[in-house]
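The values are calculated or read from the model by the stated rules, or taken from the named source; none is laboratory data. For clarity, every value in this text was computed on a predicted model and none was experimentally measured. Please note: Cβ atoms are built from the backbone with ideal geometry, for glycine as well, and neighbour counts cover all protein chains shown.
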Amino acid sequence: MKVLVVGATGRFAGLVVPELKRRGATVRALLRSERQAEQAMEQGADETAIGNLENAESLRAAAVGVDGVFHINPAFAPEEGELGVRMVEAAGASRVRKFVFSGVIHPSIARMTNHAGKQPVEQALYESGMVFTVLQPTMFMQNLDASWKMVKEEGRLGLPYSKYQKACYVDYRDVAEAAALALTGDRLDYGTFELCAPGMVDRVELAAMMGQALGRPVEAAEPPFAAWAEMAGIPDGPMRRGLERMYADYHEFGFPGGNALVLRAVLGREPRTLEAYIRELAAR
């Protein structure tokens, strides 16, 4: 089984590579430039291909000779949906048999651009004729890493939405395992799966978990979006505007989910928990 991994050197798709290797797959990393080749090989890729999601011809060439494709959209990219559809079409044109798409839970919440951008990719995949698996993970636990420095140094967990709104999470390592299972077996063929760790927490509860792991109090804060984006170094542009819409939606509605039934069935074990992930952060 040879798999083309889109974003193989990234934070999330990079977690799929070792899971594929454990299952005996050959990994071809799709890279934007040769400069990334050494990193891809160090992370376990067997070969590389240069391609750009804006260039259909490069994607078709990269997909020639592979059995499967793993694709995750670049978050908040302009024309995100079109980029994903282009990868689906290129895979189909190159006679790829299987395609696994890592999308998002609740793609029907079109108010958020990072959700709406997943809908056309799903549709293209369902109509492609390829064997597909659509993974719909909720908020990634790994995104908490960006706040951890402030949590440790200032005892404060600040995000720009109500600290009383509940959200659900998933460890992307579990998503990566699900992706590898889908690509190297047939049990998940033609399925669309919401992936969540169990339960939902608000940021007060999340801060309390962090405080328990660190052995000292952590405060849940609500900075205004502009101040938070400035502190996070996010410049004006599509990502900043997309994040602003996302957090405005979270502020009003939270991010519901947290039913782990599907992920438990996919993995054949209990999913990693938020408490366990926070303990890992504290132990680093």
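Considering only the stretch 59-73, how many residues are touching a residue at least 60 places away in the same chain (Cβ under 8 Å) and either crowded, with 18+ Cβ neighbours inside 10 Å or at negative phi (or both)? First the steps, then the outcome.
Filtering the stretch 59-73 down to residues touching a residue at least 60 places away in the same chain (Cβ under 8 Å) leaves 65-72.
Filter once more, keeping what is either crowded, with 18+ Cβ neighbours inside 10 Å or at negative phi (or both): 66-72.
Of the residues in the stretch 59-73, 7 are touching a residue at least 60 places away in the same chain (Cβ under 8 Å) and either crowded, with 18+ Cβ neighbours inside 10 Å or at negative phi (or both).
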Cβ pairs under 6 Å, 6+ apart, first in the stretch 46-58 and among the acidic types (Asp, Glu), second surrounded by 21 or more Cβ atoms within 10 Å (Cβ to Cβ):
Asp46/Val27; Glu47/Arg28
When restricted to Phe132, Phe101, Phe140, the only residue at pLDDT 95 or above, farther than 26 Å from Thr26 by Cβ and out of contact with any Cys (no Cβ under 8 Å at 6 or more places or on another chain) is Phe140
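Which count do you get for residues in the stretch 37-55 that are part of a helix (DSSP H, G or I) and surrounded by 19 or more Cβ atoms within 10 Å (Cβ to Cβ)? Lay out the reasoning, then the answer.
Restricting attention to the stretch 37-55, the residues satisfying the condition of being part of a helix (DSSP H, G or I) are 37-42.
Subsequent filtering for residues that are surrounded by 19 or more Cβ atoms within 10 Å (Cβ to Cβ) retains 40.
Counting residues in the stretch 37-55 that are part of a helix (DSSP H, G or I) and surrounded by 19 or more Cβ atoms within 10 Å (Cβ to Cβ) gives 1.
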Residues satisfying the stated conditions in the stretch 133-183, i.e. in a helix (DSSP H, G or I) and among the basic types (Lys, Arg)
Lys149, Lys152, Arg173
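Each row is one residue, and each column tells you yes or no for (1) hydrophobic (A, V, I, L, M, F, W, C); (2) within 29 Å of Val266 (Cβ to Cβ); (3) at pLDDT below 95.
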position: Ala182; (1), (2), (3): yes, yes, no
position: Thr192; (1), (2), (3): no, yes, no
position: Leu195; (1), (2), (3): yes, yes, no
position: Arg216; (1), (2), (3): no, no, no
position: Gly233; (1), (2), (3): no, no, yes
Restricting to the stretch 132-165, and then to whatever is in contact with a strand residue (DSSP E or B) (Cβ under 6 Å, 6 or more places away or on another chain) and among the charged types (D, E, K, R), can you tell me which residue is surrounded by the fewest Cβ atoms within 10 Å (Cβ to Cβ)?
Arg156
